[in-house]
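I have placed the structure first, in the form of structure tokens, so that the comments after it can refer back to it.
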Amino acid sequence: MHNAYKNWIVNSYNKIQIEHIELNKLDQIVGDGDHGSTILKGLKIAKDLYLNNMDSAIDDSMAIVSKRMRIEMGGASGILMSIFFDESGKISESNLNQSMIDIFSKSIDKIMKRGKVKAGDKSILDIYVPVLEFLKQNSDSKIQKDEINEILSLSLSKTKDMKAQVGRAKFLENRGLGCIDPGARSTEIILREFFDSVL
């Protein structure tokens with residue numbers, strides 16, 4: 001599983017490195033305009049730390065990674081993004097489906113509490129929640145990558161028609177209507193790479 005996680009984190013970093021300028025442009029519409037740069041910074045830290053801690057158990061490695069991400073990224077993005085990285089350390093190869101359900105359930109609970117956000121508010125939760133629902137519905141079968149990718153794409157596109165209820169976008173007149181949420185987009189990229197590496 002260590003190699004799968006290495007692939008996940010390295011591939012996420014590489015993908016965000018390509019996409020971070022577009023993420024910044026998305027964020028200029030609804031926020032500070034630095035979301036892509038912030039996520040890239042967090043993933044650079046995650047990549048370097050994980051590669052240096054592969055001798056440790058995965059849960060220990062991911063605890064180290066998530067703590068440093070939270071500190072270095074700062075703000076809401078650092079707190080909320082690091083939650084999934086921390087919870088992902090509890091994955092179990094022998095009980096993959098149930099452990100992923102547990103990881104997503106606990107991540108969602110913590111994001112809701114720390115971010116004071118709920119599904120439908122136009123945020124990263126609008127990616128996590130549909131994935132959890134899918135995992136629960138398919139808990140007894142082998143999860144297919146193409147099915148997960150379809151859920152991720154559909155969930156991301158739905159944020160375009162949502163009104164932002166959190167972050168700076170909630171103060172805009174149209175609350176970000178007509179554009180996808182930058183946090184949802186970066187989360188979609190990272191989760192796509194997660195499932196591509198783990199499944």
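The values are calculated or read from the model by the stated rules, or taken from the named source; none is laboratory data. Keep in mind that what you see is a predicted model, and the values were worked out from it rather than measured. A quick note on method: Cβ atoms are made from the backbone with ideal geometry, for glycine too, and the neighbour counts reach across all protein chains shown.
What to note about this one:
- Scan of segment 1-13 for residues that are at pLDDT below 95 and either touching an Asp or Glu at 6+ places or on another chain (Cβ under 7 Å) or not in a helix (DSSP H, G or I) (or both), ordered by number: Met1
- Members of segment 20-57 that are surrounded by fewer than 18 Cβ atoms within 10 Å (Cβ to Cβ), under 14 Å from Gly75 (Cβ atoms) and among the polar types (S, T, N, Q): Ser37
- Scanning segment 1-19 for residues that are closer than 19 Å to Arg68 by Cβ and hydrophobic (A, V, I, L, M, F, W, C), we see that the one that is surrounded by the most Cβ atoms within 10 Å (Cβ to Cβ) is Ile9.
- Single match in Asp196, Asp102 (criterion: more than 21 Å from Ile39 (Cβ to Cβ) and not in a loop (DSSP other than H, G, I, E, B)): Asp102
- Counting only residues that are outside any helix (DSSP H, G or I) and either surrounded by 22 or more Cβ atoms within 10 Å (Cβ to Cβ) or free of Cβ contacts under 8 Å to residues at least 24 places away in the same chain (or both), segment 85-99 holds 1 of them.
- Those residues of segment 33-84 which are among the acidic types (Asp, Glu), more than 18 Å from Trp8 (Cα to Cα) and either at pLDDT 95 or above or assigned to a helix (DSSP H, G or I) (or both), in sequence order: Glu72
- Filter pass, Val65 being in contact with a Leu (Cβ under 9 Å, 6 or more places away or on another chain), surrounded by fewer than 18 Cβ atoms within 10 Å (Cβ to Cβ) and under 24 Å from Met100 (Cα atoms): no
- Residue within segment 104-117 that is loosely packed, with under 15 Cβ neighbours inside 10 Å and touching a helix residue (DSSP H, G or I) at 6+ places or on another chain (Cβ under 9 Å) present: yes
- For the residues Ile29, Ile16, the requirement of being closer than 18 Å to Glu188 by Cα, hydrophobic (A, V, I, L, M, F, W, C) and part of a helix (DSSP H, G or I) singles out Ile16.
- Only one of Arg114, Arg175, Arg185 that is at pLDDT below 95, basic (Lys, Arg) and assigned to a helix (DSSP H, G or I): Arg114
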